[in-house]
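Asks: Submitted below is the structure of interest, expressed as structure tokens.
The values are calculated or read from the model by the stated rules, or taken from the named source; none is laboratory data. Please read all numbers here as calculations on a predicted model, not as lab measurements. Using ideal geometry, Cβ is built from the backbone for each residue, glycine included, and neighbour counts are taken over all protein chains shown.
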């Protein structure tokens, strides 16, 4: 149980375009989802916290107009990188918290974004 | 402010030898502590967690960790390392429910034959 999926696993897009990444909780309802960014050989940096049905809470320094987060249902959150630039290339990982187990985050496998 | 320090960027251990990865945290309240493992290009897998109770916690794959409040530490151990344990290990601290996790910078484990 407690499986989180991400789609796509890898994506390459051209500079200036937008790309959407999906995060799904497959076998539980996720009241809260988190989006992280990980640069090569570095740790995970929290970008935003997403609660179902409400606006996401962004961490300091994260542009909310560039990284659009939507948590439309209890099993799906999306991250849209708008007007992507090469510096947005990174590994994006989501995690989800089950309403039954609020202390543990279940992580998705990550999405590798490359902007050319 | 909460923070996690993993002082070792990378560690090399011979297969079959014991392992200890260090983690120190700073947190203003009762911490919830986690160890995750990440293989290259993959997401994070939870090895073990500490919320309360017994300060020695057992995890998956033969790992254990000990919470020492006096030292603000939560070191990860394994008595005999296998080649498949080579990966990146992250220590993380969080608080009450639904609070965000703060991760350490990670320790890359290399296993030599």
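Asks: Could you grab me the full set of residues in the range B:37-67 that are in contact with a helix residue (DSSP H, G or I) (Cβ under 9 Å, 6 or more places away or on another chain), more than 13 Å from chain A (Cβ to nearest Cβ) and surrounded by 20 or more Cβ atoms within 10 Å (Cβ to Cβ)?
Replies: Within the range B:37-67, B:63 is the sole residue that qualifies.
Asks: Could I ask something else about it? Considering every residue within the range A:43-64, establish whether at least one is more than 14 Å from the chain's Cα centre (by Cα) and surrounded by 14 or more Cβ atoms within 10 Å (Cβ to Cβ).
Replies: Among the residues of the range A:43-64, at least one is more than 14 Å from the chain's Cα centre (by Cα) and surrounded by 14 or more Cβ atoms within 10 Å (Cβ to Cβ), which makes the answer yes.
Asks: Which ones in the range B:20-36 are at pLDDT 95 or above, surrounded by fewer than 22 Cβ atoms within 10 Å (Cβ to Cβ) and either assigned to a loop (DSSP other than H, G, I, E, B) or within 13 Å of chain A (Cβ to nearest Cβ) (or both)?
Replies: B:22
Asks: Answer with yes or no whether residue A:9 is within 13 Å of chain B (Cβ to nearest Cβ) and surrounded by fewer than 16 Cβ atoms within 10 Å (Cβ to Cβ).
Replies: It is true that residue A:9 is within 13 Å of chain B (Cβ to nearest Cβ) and surrounded by fewer than 16 Cβ atoms within 10 Å (Cβ to Cβ).
Asks: Restricting to the range B:89-107, name every residue that is surrounded by fewer than 22 Cβ atoms within 10 Å (Cβ to Cβ) and modelled with pLDDT of 95 or more.
Replies: B:107
Asks: Go through the range B:68-113 and give me each residue that's outside any loop (DSSP other than H, G, I, E, B), more than 14 Å from chain A (Cβ to nearest Cβ) and either touching a residue at least 40 places away in the same chain (Cβ under 8 Å) or within 11 Å of the chain's Cα centre (by Cα) (or both).
Replies: B:71, B:73, B:74, B:75, B:76, B:77, B:78, B:83, B:85, B:111, B:112
Asks: Which one is nearest to the other protein chains (Cβ to nearest Cβ) among residues in the range A:16-39 that are in a loop (DSSP other than H, G, I, E, B) and in contact with a strand residue (DSSP E or B) (Cβ under 8 Å, 6 or more places away or on another chain)?
Replies: A:39
Asks: Being more than 9 Å from chain B (Cβ to nearest Cβ) and more than 25 Å from residue A:74 (Cα to Cα) is the filter here; which residues of the range A:40-49 pass it?
Replies: A:40
Asks: Here's another thing I want to ask about it. Please go through (1) out of contact with any helix residue (DSSP H, G or I) (no Cβ under 9 Å at 6 or more places or on another chain); (2) surrounded by 13 or more Cβ atoms within 10 Å (Cβ to Cβ) for residue B:83 and return the number of the only condition it doesn't satisfy.
Replies: (2)
Asks: While we're on this one: Scan the range B:50-59 residue by residue and report those that are at pLDDT below 95 and either part of a loop (DSSP other than H, G, I, E, B) or over 17 Å from residue B:25 (Cβ atoms) (or both).
Replies: B:51, B:52, B:53, B:54, B:55
Asks: While we're looking at this one, here's another question. Go through the range A:50-116 and tell me which strands (runs of 3 or more DSSP E), entirely inside it, have 3 or more residues that are facing another protein chain (nearest Cβ under 9 Å).
Replies: Because the criterion is at least 3 residues that are facing another protein chain (nearest Cβ under 9 Å), the strands (runs of 3 or more DSSP E) in the range A:50-116 that meet it are A:90-98, A:101-107.
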